[in-house]
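The values are calculated or read from the model by the stated rules, or taken from the named source; none is laboratory data. Computed from a prediction, not measured in an experiment: that's the story for all the values here. We place every Cβ from the backbone using ideal geometry, glycine too, and count neighbours over all the protein chains shown.
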Amino acid sequence: MKNFKQISLFALILFSLSINIANAKTKWWKKLFSNKDKNNSELSTIDIGSAFKEALTIGAENVVAQLGKVDGFNNDEAIHIPLPKNLKKAKKILKKIGLSDIVDDLELKLNRAAESAVPVAKDLFIQSIKDMTFDDVKTIYKGSDDSATRYFQEKMSTSLTEKMAPIVENSLAEVGAIKSLNKVMDKYENIPFVSEITPDLTAYVVDKGMEGIFYYLAKQEAEIRKNPLKQTTELLKKVFGKK
């Protein structure tokens, strides 16, 4: 009987510990906004808001570093930039006469142009994060797992397009994409009875580049919500690491 009581007590302790661990993992995010009284808490709303912004800044910087390098787009199946639909038709036709390699070269250079344009997004992300009010932070917190990403899209899309477009246009020329396009079109247009194609490579690469940025920003945001302890600054430890 004594042994049975000891085993039962031990099982109860283990069960309690498992519940506490589960709660710690699932409720940390709610803890951020449980601080209603600045004077009665070690953490102020300024600490909390700043920690949230810092986490988002780290996430945005990670995305820019990941995509703004060689093969950041090209070797990533999730965001690789394919040829525009109208050029896919040209590729299909050119492939039949053994000229698909020039179209493949163009596709590579579209990705290179996006990779070179991504770093301009960093300053825009940081400024958008700085401009967030605490009310913005609370609204994002109460929203879906990608609510911060959608906030950035709303705030940044116009300015990001304007800033990326000239960079992409210059990059398309520098990496040889325009020359590659001209080669493709010369070969294509020499084929009898084909329809006219007028691709706008700059607008296309900007759109696809932004899609890739926001795709990974949403993933970073979801990770921040799941496990902020992966972020290692002192402020994040102070806010997110409280027991």
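Applying a threshold of 9 Å to beta carbon distances and a minimum spacing of six or more residues, or different chains, the list of pairs starting in region 126-144 at a residue that is closer than 15 Å to ILE58 by Cα and ending at one that is part of a helix (DSSP H, G or I) and of a type in the set (Asp, Glu) reads ILE126/GLU61; ILE129/GLU54.
For region 55-113, give me each residue that is surrounded by fewer than 15 Cβ atoms within 10 Å (Cβ to Cβ) and either at pLDDT 90 or above or β-branched (Val, Ile, Thr) (or both). Correct list: GLU61, ALA65, LYS69, VAL70, ASP71, ASN75, GLU77, ALA78, PRO82, ILE97. Would it be correct to say that ILE129 is assigned to a helix (DSSP H, G or I), assigned by TED's automatic domain parsing to the domain that holds ALA65 and out of contact with any Lys or Arg (no Cβ under 7 Å at 6 or more places or on another chain)? When the stated conditions are applied, ILE129 does not pass them.
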